[in-house]
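The values are calculated or read from the model by the stated rules, or taken from the named source; none is laboratory data. From a predicted model like this one, the values you see are computed outputs, not experimental measurements. Every residue, glycine as well, gets a Cβ built from its backbone with ideal geometry; the counts of neighbours run over all protein chains shown. Side chains are part of the model used for accessible areas, which takes the heavy atoms of the whole protein and leaves out ligands, DNA and RNA. Shrake-Rupley method; radii C 1.70, N 1.55, O 1.52, S 1.80 Å.
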Amino acid sequence: MSLGSVITAIVTPFDDRQKVDEEAFLALYRHLLAHGSDGVVVCGTTGEAPTLSDAEHLRLVELAVGERPEGTTVIASTGSNNTAHACWMTERATEIGADGILSVTPYYNKPNRRGLVRHFTEIGKATDKPVVLYNVPSRIGLSLDNELLAELGQIDNLDYVKQADNDALAQIDGLGLYAGNDDGFAQALDLGAVGGILVASHLVGPQMKQMVTEPARRAEIDAALKPLYSALGVTTNPIPVKAALNLLGHEVGAPRLPLVEPDDSELQVIRKALTDLGLL
């Protein structure tokens with residue numbers, strides 16, 4: 001099945017007590033789907049999954065599935081460096097009704113190649129939905145090289161890769177390609193990618209959708225958005241995008257510790273990028 005071309009890795013809003021703000025989540029979810037997004041990834045890195053309980057995590061998947069308009073998709077991020085836990089979360093998200101699964105490379109314990117194959121084979125067995133492998137070496141400490149990705153693409157239900165290493169962007173036999181970085185989206189589309197799993201689409205979703213539907217303008221749009229991409233990397237994601245959303249009136253609150261709100265200099269960079277694009 002198609003999971004869509006512009007997929008937003010939706011932030012998780014918190015209230016003043018640092019509790020998940022379900023109403024704010026649903027309001028943002030509706031906004032994204034009305035402004036260029038074909039679907040969302042729930043509880044990914046941008047959604048601060050490391051600081052969510054399993055109950056909070058699965059509740060957010062449930063909320064998104066319950067509000068899902070026809071023709072849009074909900075991808076549940078259920079990865080873990082504990083294979084048993086990743087499989088359990090994948091099974092629960094599938095039961096809830098997620099359209100797809102995002103599964104990150106196991107982090108910290110850094111399994112070898114045989115361990116990675118075994119891990120992702122078990123993930124594939126835990127669902128009948130398409131699984132998007134998530135390669136993000138900058139956070140993980142190891143990379144799924146393209147030869148290994150091609151091997152993983154032969155495993156049942158492993159259907160896509162979210163490639164967050166721009167230097168490794170390539171079409172892989174057996175796997176549909178999603179850009180994993182905003183600044184690699186245009187490059188990936190030029191290579192024939194399915195789309196991107198993005199962060200800037202919280203703010204410029206219609207423009208990012210135009211990059212898909214109007215390929216003749218892709219380079220022009222990408223060039224115009226580069227300062228925003230840079231601003232959203234001024235400190236650790238999702239700190240900048242949550243600050244940007246708050247500036248634009250979407251009340252998503254502060255991140256949970258150990259992430260903190262941007263300092264004054266970082267906020268100035270974010271504010272300037274929004275102002276220069278006419279968003280603020």
task: Please calculate the 1.4 Å probe accessible area of Thr78, with all protein chains present, and give it to the nearest 10 Å².
output: 0
- prompt: To two decimal places, what compactness ratio does region 160-280 give when its Cα radius of gyration is scaled by 2.2 N^0.38 Å?
  reply: 1.10
- request: For region 241-248, take each phi angle, set θ = phi - 60°, evaluate the Karplus expression 6.51 cos²θ - 1.76 cosθ + 1.60, and give the result in whole Hz per residue in order, putting x for glycine and proline.
  value: 5, 5, 4, 4, 4, 4, 4, 8
- prompt: What is the ratio of the Cα radius of gyration of the chain to 2.2 N^0.38 Å, where N is its residue count, to two decimals?
  reply: 0.94
field: Unit Cα scatterers, Debye sum, region 175-232: log10 I(q)/I(0) for q = 0.31 Å⁻¹
entry: -1.53
- prompt: Counting each DSSP H run of 4 or more residues in the chain as -39500 (n - 2.57), what helix-only mean residue ellipticity at 222 nm follows after dividing by all residues, to the nearest 500 deg cm²/dmol?
  reply: -13000 deg cm²/dmol
query: With the radius of gyration and the Kirkwood radius both derived from the Cα set of region 1-61, what is their ratio Rg to Rh?
result: 0.98
- request: Please list 122-134, 205-217 highest first by mean number of surrounding beta-carbon atoms within 10 Å per residue.
  value: 122-134, 205-217
field: Set of lysines with alpha-carbon distance to Lys125 below 24 Å, sequence-local pairs under 8 removed
entry: Lys110, Lys162
task: Compute log10 of I(q)/I(0) for region 51-173 with the Debye formula, placing one identical point scatterer on every Cα and leaving out solvent, at q = 0.10, 0.16, 0.21 Å⁻¹, to two decimals.
output: -0.29, -0.75, -1.21
- request: Using per-residue counts of other Cβ atoms within 10 Å, averaged over each peptide, order 17-24, 251-258, 100-107 from highest down.
  value: 100-107, 251-258, 17-24
- request: Please state, rounded to one decimal and in Å, the Kirkwood hydrodynamic radius that region 17-103 gives when every pair of distinct Cα atoms enters the mean of 1/r.
  value: 13.0
message: Taking each pair of distinct Cα atoms in region 137-179 once, what is the resulting Kirkwood hydrodynamic radius in Å?
response: 10.6
